[in-house]
Amino acid sequence: MAPIPGSGLAKGLAVTLRTMTKKSHTAQYPDAQPDLPPRTRGVIGLFEENCTVCMLCARECPDWCIYIDSHKETIPAAAPGGRERSRNVLDRFAIDFALCMYCGICIEVCPFDALFWSPEFEYAETDIHELTHERDKLREWMWTVPEPPALDPGAEEPKEIAAARKAAEKLAATQAAEAAEADRDRAPGADRAAGSGTPPAAPGTGEPQPPTEGGTA
């Protein structure tokens, strides 16, 4: 059946009329803060302790808005005759949010979980140079990063958690065995002698008491 001429226009006007009769809702920002989703891409926080200066985030950034400086330090050998090692020490980590397009590639490629999204978005500046956040400022944003969502109850346990749990259980079992051994060592001498099959010492002497004819000490 061929459409009636002008039916599309009539449907469009009907939508317009329904919208005109509804009361508009205006968020009274900044008096009323918006209810943002937990994973909102507001600003990037830096957990400096996890950064190994691998430079992956800076290399993968399509806007080249991440600036990293570092130097190498020599670590003495842990044992005599061992080999010295070197490590990278972070000197500067800055992100220019005037250039950042909030793609999140730097957070995805970081292999050590040093970068996180924070839902904070109120960091506008009157000077564009102030939008370059150094590592101290980036560290402050870490305190606004929300907790990760809970794992699915039916999901497989992560390997890291399983390994840590097994290590903790093994340590607890070892400590329990050592405590039981210590309790046996602190037991009275007669109890130890009875447990080991050695007759208790005769009164007033240090020699074991000989068994009687009945087979008892």
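Every number in this text was worked out from the coordinates using simple rules, so none of it is lab data. Remember, predicted model here, so these are calculated numbers, not experimental data. Neighbour counts are summed over all protein chains in view; Cβ atoms, including those assigned to glycine, are modelled from backbone coordinates with ideal geometry.
Some points to look at:
- Of the GluC sites (Glu not before Pro) in the range 125-169, the ones in a loop by DSSP (not H, G, I, E or B) with at most 14 other beta carbons within 10 Å are Glu125, Glu134, Glu156.
- Net +/- balance of residues flanking Ala58 in space, Cβ distance below 12 Å, scoring K and R +1, D and E -1: -2
- Annotation: extensible slack from Ser70 through Thr26 equals 11.0 nm (criterion: 0.36 nm per residue apart, minus Cα-Cα distance).
- Taking other Cβ atoms within 10 Å as a rough exposure proxy, His133, His25, His71 sort from fewest to most as His25, His71, His133.
- Highest-fluctuation residue, Met142, Met55, Met20 considered, GNM on the chain with Cα pairs under 10 Å: Met20
- C-alpha center-to-center spacing [the range 84-138, the range 35-72] in angstrom: 4 Å
- With contacts taken as Cα pairs under 8 Å at a separation of at least 6 residues, the chain carries a relative contact order of 19 percent.
- Cleavage-rule hits (chymotrypsin sites (Phe, Trp or Tyr not before Pro)) in the range 40-92: DSSP loop, at most 11 neighbouring Cβ within 10 angstrom: Trp64
- GNM on the chain, alpha-carbon springs under 10 angstrom: the most fluctuating residue among Val53, Val109, Val15 is Val15.
- Gaussian network model of the chain, springs between alpha carbon atoms under 10 Å - residue of Lys22, Lys170, Lys159 with greatest fluctuation: Lys22
- In order along the range 102-115, phi translates into HN-Hα couplings of 6, 7, x, 5, 4, 6, 5, 8, 5, x, 10, 6, 9, 10 Hz, rounded to whole numbers, per the Karplus curve 6.51 cos²θ - 1.76 cosθ + 1.60 with θ = phi - 60° and x for Gly and Pro.
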